[in-house]
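Report on one structure; see the data block that follows.
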Amino acid sequence: MGADRFSTSARLKAIGQEAQARVYRAAAKRRPPRRNKLTGRAALLALVLCALVVALAYPTRQYIAQRSDIADQRREAQKARQRVDELREEKARWQDPQYVRTQARERLHFVLPGETGYNVAAPAPTGDAAADHRTTNEAAAHRPWYDNLWDSLDHADAAAAPRH
């Protein structure tokens, strides 16, 4: 009986496979044959689009660069106009004799006839500060130039350092 069951199950399996193959063949006959997804027209369209992109890339880039240059030139022209306006205002101020007189007094220390002009000078160092300064100068005269340079850089750096 064991052999009978094996042969029955084997026969049923073979019958099932044959039925399945017939169903697939019948379904394949009913539906139309598969087309390639990329047809000739689609390929031509893709080629034309690529050619257009390549052909328009450089002119588009040039157009954008030129627009940027135009914007830069407009900004520079606006700055130049503002500078011209400032210079015109300054020229108008210099046309006024009172302004010229004031500027001569401030910048050139001019005095009018009958006035006395004074220049205030900083007081000379006295005492220990003068002696220290003289000693430093005498010591610097006997050292190599690069030591003096380095010391001056150190002093300048110490003077520029922020104090907290």
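The values are calculated or read from the model by the stated rules, or taken from the named source; none is laboratory data. No experiment lies behind these values; they were computed from the predicted model shown. Neighbour counts are summed over all protein chains in view; Cβ atoms, including those assigned to glycine, are modelled from backbone coordinates with ideal geometry. Protein only, heavy atoms only, side chains kept; ligands, DNA and RNA dropped before computing areas. Shrake-Rupley method; radii C 1.70, N 1.55, O 1.52, S 1.80 Å.
Of note:
- Residue check: Arg107 meets all listed conditions (1) within 44 Å of the chain's Cα centre (by Cα); (2) modelled with pLDDT of 90 or more but one, namely (2).
- Number of positions in segment 76-94 that are open to solvent by 100 Å² or more (accessible area, probe 1.4 Å) and either touching a residue at least 24 places away in the same chain (Cβ under 8 Å) or touching a helix residue (DSSP H, G or I) at 6+ places or on another chain (Cβ under 7 Å) (or both): 1
- Yes/no for Gln73 being outside any loop (DSSP other than H, G, I, E, B) and open to solvent by less than 100 Å² (accessible area, probe 1.4 Å): no
- Exactly one residue out of Pro162, Pro144, Pro97 is loosely packed, with under 10 Cβ neighbours inside 10 Å and at pLDDT 90 or above: that is Pro97.
- Filtering segment 113-141 to residues that are modelled with pLDDT under 80 and of a type in the set (Gly, Ala, Ser) leaves Ala122, Ala124, Gly127, Ala129, Ala130, Ala131, Ala139, Ala140, Ala141.
- Flag if Ala27 is assigned to a helix (DSSP H, G or I), of a type in the set (Gly, Ala, Ser) and surrounded by 10 or more Cβ atoms within 10 Å (Cβ to Cβ): no
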